[in-house]
Amino acid sequence: MKLFGVIGNPIKHSLSPKIHNCAIEAFGLNAYYDRFYLPSNISSSDLKSFIVDSSLCGLNVTLPFKEISINILDSIDDVAKEIGAVNTIVKRGLSLVGYNTDAFGFYRCISHLNAKHVLILGAGGSARSVANILLKHGIEISIANRSKDRLRAFENLGHTHTFDDIPKQHYDIIINATSAGVKNELPLDLLRLKDMFSRCGFVFDLMYSRDSLTAFCKLASECNVEYIDGKSMLVYQGTKSFLYFHDFEDERLDEIAKYMFSSIA
């Protein structure tokens, strides 16, 4: 039996095992997908040892390991190289190969919105994935973060702001790409977010809660703004990871997505 999984901290909330095992069963594969909790301060060498010495054939990577993971790979695909973050790792022989499927998964969720200007809150690996795919589709982006340090990587990609100086203007989509969602907290002060939501068309929280709305989406609902949480993105990025894990063809993406969505309906 082939073993796959997802690493993160925290990781107990992850729905990845549920969606992947549903698709594995549907396709009759001899495989299993699990979740693995790792210390957030793990070193690159220890992370690589964990993967190489285990029986894992491939894994997904979530917070806070998307950026450190790029340092342990033997090769990465062009998308992950451009973004500077990976969320999928596959063992191919003696090599670890990294991919980024977050960008693909995200864009599948918002392509129908025809957005012109998007505000991204946060400047980590997920924000890089989102910024990359939006720019490829000619969408103007603004990136805001609590501190200036992490914004330097975004200076050539769009408008950068600290949380204290976000311009008061209309945004077609406001995206929460911060780690605040892990604790189901708001990334910004409640009143400031309400003011921002009054001037936006759509709200997207990359995080999700297993059984309820995230704080970000709950506030959007209270403000009568259309919203979506990270479950759909999880599925769509998961379909692409599934291709890499099990050597399926791209033509199977919609079929895989059907089974994955059915597991969390």
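The values are calculated or read from the model by the stated rules, or taken from the named source; none is laboratory data. This is a predicted model, so every value here is computed, not measured. Counting neighbours? That spans all protein chains shown, and the Cβs are built from the backbone with ideal geometry, glycine included. Ligands, DNA and RNA are excluded from the accessible area calculation, which covers all protein heavy atoms including side chains. Shrake-Rupley method; radii C 1.70, N 1.55, O 1.52, S 1.80 Å.
A DSSP coil position with no more than 12 other Cβ atoms inside 10 Å describes the following GluC sites (Glu not before Pro) in the stretch 78-168: GLU155. Taking a ≥ b ≥ c as the square roots of the eigenvalues of the Cα gyration tensor, the stretch 1-63 is classed as oblate, since a/c reaches at least 1.5 and a/b does not exceed b/c.
Sorted from greatest to least, the principal axis extents spanned by the alpha carbons of the chain come out as 53, 37, 32 Å.
Comparing mean-square fluctuations of THR162, THR88, THR62 from a GNM of the chain with C-alpha springs under 10 Å, the top value falls on THR162. Relative to the longest principal axis of the Cα atoms of the chain, helix 231-246 runs at roughly 30 degrees.
Exposed loop sites were defined as trypsin sites (Lys or Arg not before Pro) in DSSP loop states (anything but H, G, I, E or B) carrying at most 10 other C-beta atoms within 10 Å; in the chain the longest segment without such a site runs 13-167.
Basic side chains Lys and Arg get +1 at the Cβ, acidic Asp and Glu get -1 at the Cβ, and with that the dipole of the chain about its Cα centre reaches some 340 debye.
Of all DSSP-defined beta bridges confined to the chain, some 20% are antiparallel rather than parallel.
Rounded, prolate or oblate: which fits the stretch 1-109 when a ≥ b ≥ c are the square roots of the eigenvalues of the alpha-carbon gyration tensor, with rounded for a/c under 1.5 and prolate only if a/b beats b/c?
Rounded is the answer for the stretch 1-109, as its axis ratio a/c remains below 1.5.
For the stretch 1-87, chymotrypsin sites (Phe, Trp or Tyr not before Pro) are listed when DSSP marks them as loop and at most 12 other Cβ atoms sit within 10 Å of their Cβ; the list is empty. Which one of GLN237, ILE19, VAL182 has its Cα pushed farthest toward the positive end of the charge dipole of the chain, where Lys and Arg give +1 and Asp and Glu give -1 at the Cβ? Of the options given, the answer is VAL182. Of ASP254, ASP211, ASP164, the residue with the greatest mean-square motion in the GNM of the chain, using alpha carbon springs below 10 Å, is ASP211.
Structural descriptor for the chain: relative contact order 17 percent, calculated from alpha carbon pairs under 8 angstrom and at least 6 residues apart. For LYS183, the lysines whose Cα comes closer than 26 Å to its Cα, not counting residues fewer than 8 places off in the same chain, are LYS12, LYS18, LYS66, LYS148, LYS194, LYS218, LYS231.
The distance linking the stretch 112-144 with the stretch 203-248 is 16 Å (Cα centroid to Cα centroid, whole angstrom).
For the set HIS170, HIS117, the ranking by accessible area, highest first and with no ligand, DNA or RNA atoms included, is HIS170, HIS117 under a 1.4 Å probe. With everything on Cα atoms, drop me the angle between helix 125-136 and the longest principal axis of the chain, reported from 0 to 90° to the nearest 10. Tilt of helix 125-136: around 70 degrees. Accessible area per residue was computed with a 1.4 Å probe on protein heavy atoms; ILE174 scores about 0 Å².
If you keep only loop residues by DSSP, which chymotrypsin sites (Phe, Trp or Tyr not before Pro) in the stretch 67-170 have at most 11 other Cβ atoms within 10 Å of their Cβ?
Working: sites: TYR99, PHE104, PHE106, TYR107, PHE154, PHE163; in loops: none.
Hits after loop and neighbour filter: nothing returned.
Taking the chain as the reference, fit the longest principal axis to its C-alpha atoms, fit the long axis of helix 253-264 to the helix C-alpha atoms, and give the angle between the two in degrees, 0 to 90, nearest 10. Tilt relative to the chain: about 80 degrees.
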